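Working notes for the structure below.
The values are calculated or read from the model by the stated rules, or taken from the named source; none is laboratory data. Everything quoted here is computed from the prediction, not taken from an experiment. Neighbour counts are summed over all protein chains in view; Cβ atoms, including those assigned to glycine, are modelled from backbone coordinates with ideal geometry.
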Amino acid sequence: MTAVVSEETRLRDEIVEVGKSLFDRSFTFGSTGNISARLSNGDLLMTPTNASLGALDPGRLSRFSAEGVHVSGDKPTKEAFLHQCMYCERRKAGAVVHLHSTHAVAISILDGLDERDLLPPLTAYYVMRVGKLPLVPYYPPGDSALAEAVRREAAGNHAMLLANHGPVVAGATLREAQYATEELEETAKLFLMLRGEKIRPLTAAQKDELANRA
């Protein structure tokens, strides 16, 4: 007889699996970055403070009530509010990934880009998985003003880039959030490779056609 795996157990295991995958492929490093997923009752599971995404323990993940109170697991990350603000504004989000991925951080430091939408539509998958990428102004990690800035952008965007910090991306599922974050990082890498070259991004009509497919 096949054992029935609870929703919480499945999500805990998936967070560990996604974290290790991101870490092993250098999308994150050290103890940077954090991942969360939302249970059907509204509670959140989140990677704890000072934890490497490459060596997570499913039983030690931080758990928050639907009201944002830490109820069990290890001490939560000081960036928990980034996740909570995304869920607050994006009711259908099932997961959030926040990384300090190298190329995306580099984009967040560059001057002179359009802060309403930092990257051009270089590929179809970037348009479909990320779409628009606004810049959130710089605030020190843990600053309450950063929470409010993230909340403002989250109302209209599922992905954003924190200045001098890194991306925050929400998805309907953890895999969706993971893949969108990876697409963002790879597009940032392409953009940096192509700086100084003439580029041929997707046209407005091509972007609209992709939106109509969704």
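Structure notes:
- Lone qualifier among LYS20, LYS78 - being of a type outside the set (A, V, I, L, M, F, W, C) and either crowded, with 18+ Cβ neighbours inside 10 Å or modelled with pLDDT under 95 (or both): LYS78
- Residues that are in contact with a strand residue (DSSP E or B) (Cβ under 7 Å, 6 or more places away or on another chain), among the basic types (Lys, Arg), in a strand (DSSP E or B) and buried (at least 16 other Cβ atoms within 10 Å of the Cβ) do occur in the stretch 32-43, at least one of them.
- Residue satisfying condition, being buried (at least 18 other Cβ atoms within 10 Å of the Cβ), more than 21 Å from GLU197 (Cβ to Cβ) and not β-branched (Val, Ile, Thr), within set ALA93, ALA155, ALA104, ALA145: ALA93
- Any hit, the stretch 174-190, residues being in a helix (DSSP H, G or I) and either β-branched (Val, Ile, Thr) or on the phi > 0 side of the Ramachandran plot (or both): yes
- Failed condition for ARG91, given (1) under 19 Å from ALA180 (Cβ atoms); (2) in contact (Cβ under 8 Å) with a residue 24 or more places away in the chain: (2)
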